[in-house]
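In what follows, a single structure is set out as C-alpha cells and then discussed.
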Amino acid sequence: MSLNIAISGLNATNQQLDTISNNIANVSTTGFKESRTEFASIYSGGQAGGVEVSGITQNFDSNGSLEGTGRALDLAISGNGFFSTVDSKGEQVYTRSGSFSTDKDNVIISSAGNKLQGYTVDANANLQQGNIGDLAISNASLSAKETDSIGFTANFDARAEIIDTTTKLFASDDPTSFTSSYTTQVFDSLGKSHTVSQYFINTGSNQWDVKVVADGGDVTPGAIAVPATSTTAAIPATTPVVNFTSEGVLATTPAISVEIPALGANLMSVEIDLTGSTQYGADFGVSTNNPNGYSSGELTGIRIEDNGMIYGQFTNGQSQLQGQLILADFPNPTALTQSNNTSWMQSFASGTPVTGVPGSGVLGELTSSSLESSNVDLTGELVSLMTAQRNYQANTKIISTSDQLTQVLFNAV
C-alpha cells in the first residue's frame, strides 16, 4: 500500500512541477495568468490511498503590471474582463494579451490573427451600440465640412477711444476706422480655405458696430455684412450692433451672418455667435474662436480612449469614430479553458460571458499604449519549485524504503 501511496505522490508532484515550469516559462508572456496545482487526499473505506490532483486553479484576482509601449493599438485591462476576439473558424476566443495590429483589410487583429470584437459604426460614423462585429479602421479620406457657424467670445476694451462713424467711414485697410479686429479661417463644401474678418468699432454708450469682410474684400459688391434676418446679400439697412450693460456683460446678442461665394462650391452662409462676450477695462482678447468646418484630410493615426472608443486621426486635425471595443467577463473565469496564444475559451463551468464597454459594471478600465505583464511571481515560483523537488525526493525515498523492506522479506523466505 505504501508503494502505491508514494507513486500517487510522485504523479501529483510531477503535475505540480509541470504547472510551476509553465508559470516560469511564461514569466514574460503578456497577459499570462499564473496557475497553481490543487491537491486532494484519497481514502477508500477509511484507508489512506495517497494523493491526487483535484484541479489546476488560474489566478485572475491578481493583475500584472502595466508597461507603456507607445503603440496606439497596444491595450491593457486593469481589473476584470477579457478582450473578445473571433478566430478564423468563427469561434469566440478571449485574451488578456492586448497586442493588436491591423491586417491587409484594416481589420484590428490580435497577435494570433483573431479579429477584435466591438460595436461597429455605420457609413456616417455613428456608433451602433448592440451591433457587435469585427472592428476595422477606415483609411478613406475624411470629406470636408462646410463652415456654417463661428462661436466667438471676446472682451471688448471699455477704455478704447470712441470712433465717430458719421465722419470716419469704415475701411478694412484703415486701422483708424475700427477699434479692433479678428480673422477666422473657414472652409467651403470643397474644403477650400476662406477668411472671415470681423471689425469692431466702439461707437460709445456701451455699443459696438460690427463689420464683416470675407476673403479680404466685400462679401458681395457693396455689401459688408448681412444680418441673419436678411434673405439677400444687399447692403444691410443697419449695421449689426453689440450692446453691453453698465456691468460689462452682453445685453443683446445680434445674429450676424455672412455669405461667401465659393467657385465650384456651395454658396456659404456663416453665422457668427458672440454669446459670452464682455466689455471690461482690459485689452481686447479672444477666448473662443470656434468655426465648425474643416478641410478634407487623410488618415494619420489611431487613438483609443479609456472607454474603448476608437478614433481615426486625420491630417486636418479632425477625428472620426471607428468603433468601440467591448470586454467580456465570466461568472467563474477560473473554469475557462486555456488555449494557445495566451487565450481562453468558454466552458460549461465558466458560465455565459457578460459583455460591455470598458469601465462599465464590473469590467475593468482600459489603458492604451500599454501592455499587461504576466502576473507570475518568479520568486514565489522558485520557492515552490524547491518545495516540489523535496516532495518528489521524499516520495522516491518511500519507494526506495518499501523496496528494501520487500527485499528483506524475500530474503527471509
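Scanning the range 157-216 for residues that are among the charged types (D, E, K, R), touching a Phe, Trp or Tyr at 6+ places or on another chain (Cβ under 9 Å) and within 30 Å of Ala144 (Cβ to Cβ) returns a single hit, Lys211. The residue list Ser62, Ser88, Ser110 contains one member that is farther than 30 Å from Asn290 by Cα and crowded, with 21+ Cβ neighbours inside 10 Å, which is Ser110.
Checking the structure you have, find out if any residue of the range 222-231 is part of a strand (DSSP E or B) and either surrounded by fewer than 20 Cβ atoms within 10 Å (Cβ to Cβ) or modelled with pLDDT of 75 or more (or both).
Checking the range 222-231: at least one residue is part of a strand (DSSP E or B) and either surrounded by fewer than 20 Cβ atoms within 10 Å (Cβ to Cβ) or modelled with pLDDT of 75 or more (or both).
Residues of the range 92-125 that are among the small types (Gly, Ala, Ser) and part of a strand (DSSP E or B): Ser99, Ser101, Ser110, Gly118.
Among the residues making up the range 12-51, those that are surrounded by fewer than 18 Cβ atoms within 10 Å (Cβ to Cβ), in contact (Cβ under 8 Å) with a residue 24 or more places away in the chain and either more than 30 Å from Tyr94 (Cα to Cα) or in contact with a Cys (Cβ under 8 Å, 6 or more places away or on another chain) (or both) are Ile42, Gln47, Ala48, Gly49.
Let's see how each residue does on (1) surrounded by fewer than 18 Cβ atoms within 10 Å (Cβ to Cβ); (2) within 21 Å of Val186 (Cβ to Cβ); (3) modelled with pLDDT of 90 or more:
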| position | (1), (2), (3) |
| --- | --- |
| Ile260 | no, yes, no |
| Leu263 | yes, yes, no |
| Leu274 | no, yes, yes |
| Gly297 | no, yes, yes |
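Among the residues of the range 52-76, those that are assigned to a strand (DSSP E or B) and either of a type in the set (Val, Ile, Thr) or closer than 18 Å to Leu371 by Cα (or both) comprise Val53, Ile56, Thr57, Leu66, Glu67, Gly68, Asp74, Leu75, Ala76.
Residue-by-condition table, conditions (1) among the charged types (D, E, K, R); (2) at pLDDT 90 or above; (3) in a strand (DSSP E or B); (4) not assigned by TED's automatic domain parsing to the domain that holds Tyr280:
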position	(1), (2), (3), (4)
Ala171	no, no, no, no
Thr176	no, yes, no, no
Ser181	no, yes, yes, no
Tyr199	no, yes, yes, no
Val210	no, yes, yes, no
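State which residue is nearest to Gly308 (Cα to Cα) when the search covers only the range 356-408 and only residues that are among the β-branched types (Val, Ile, Thr), in contact with a Leu (Cβ under 8 Å, 6 or more places away or on another chain) and in the same structural domain as Ser110 (by TED's automatic domain parsing). For the range 356-408, the residue satisfying everything is Val357. Would it be correct to say that Tyr119 is under 26 Å from Ser28 (Cβ atoms), aromatic (Phe, Trp, Tyr) and either surrounded by 16 or more Cβ atoms within 10 Å (Cβ to Cβ) or assigned by TED's automatic domain parsing to the domain that holds Ser368 (or both)? In short, no. Checking each residue of the range 300-316 against the condition of being within 21 Å of Thr153 (Cα to Cα), among the aliphatic types (A, V, I, L, M) and either in contact with a strand residue (DSSP E or B) (Cβ under 6 Å, 6 or more places away or on another chain) or modelled with pLDDT under 90 (or both) gives no match. How many of the residues making up the range 136-170 are under 29 Å from the mean Cα position of the chain (by Cα) and among the charged types (D, E, K, R)? Counting residues in the range 136-170 that are under 29 Å from the mean Cα position of the chain (by Cα) and among the charged types (D, E, K, R) gives 2.
Checking each residue of the range 40-47 against the condition of being of a type in the set (Phe, Trp, Tyr) and over 30 Å from Ile310 (Cβ atoms) gives at least one match. For the range 110-152, the set of residues classified as within 20 Å of Glu91 (Cα to Cα) and free of Cβ contacts under 8 Å to residues at least 12 places away in the same chain consists of Gly130 only. Scanning the range 293-305 for residues that are under 12 Å from the mean Cα position of the chain (by Cα), of a type outside the set (A, V, I, L, M, F, W, C) and not in a loop (DSSP other than H, G, I, E, B) gives a single hit, Arg303. Selection of the range 25-51 for residues being over 23 Å from Ser350 (Cα atoms) and assigned to a strand (DSSP E or B) yields Ser41, Ile42, Tyr43, Ser44, Gln47, Ala48, Gly49, Gly50, Val51.
Within the range 52-81, restricting attention to residues that are without any contact (Cβ under 8 Å) to a residue 60 or more places away in the chain and touching a Ser or Thr at 6+ places or on another chain (Cβ under 7 Å), which residue is nearest to Arg36 (Cα to Cα)? Reasoning before the result, please.
So in the range 52-81, the residues without any contact (Cβ under 8 Å) to a residue 60 or more places away in the chain come out as 52-56, 61.
Next, from what is left, pick out any that are touching a Ser or Thr at 6+ places or on another chain (Cβ under 7 Å): 52-53, 56.
Values: Glu52: 14, Val53: 11, Ile56: 6 Å.
Looking at the filtered set, the residue picked out is Ile56.
The values are calculated or read from the model by the stated rules, or taken from the named source; none is laboratory data. Keep in mind that this is a model prediction, so the values were computed, not measured. Note that each Cβ is placed from the backbone with ideal geometry, even for glycine, and that neighbours are counted across all protein chains shown.
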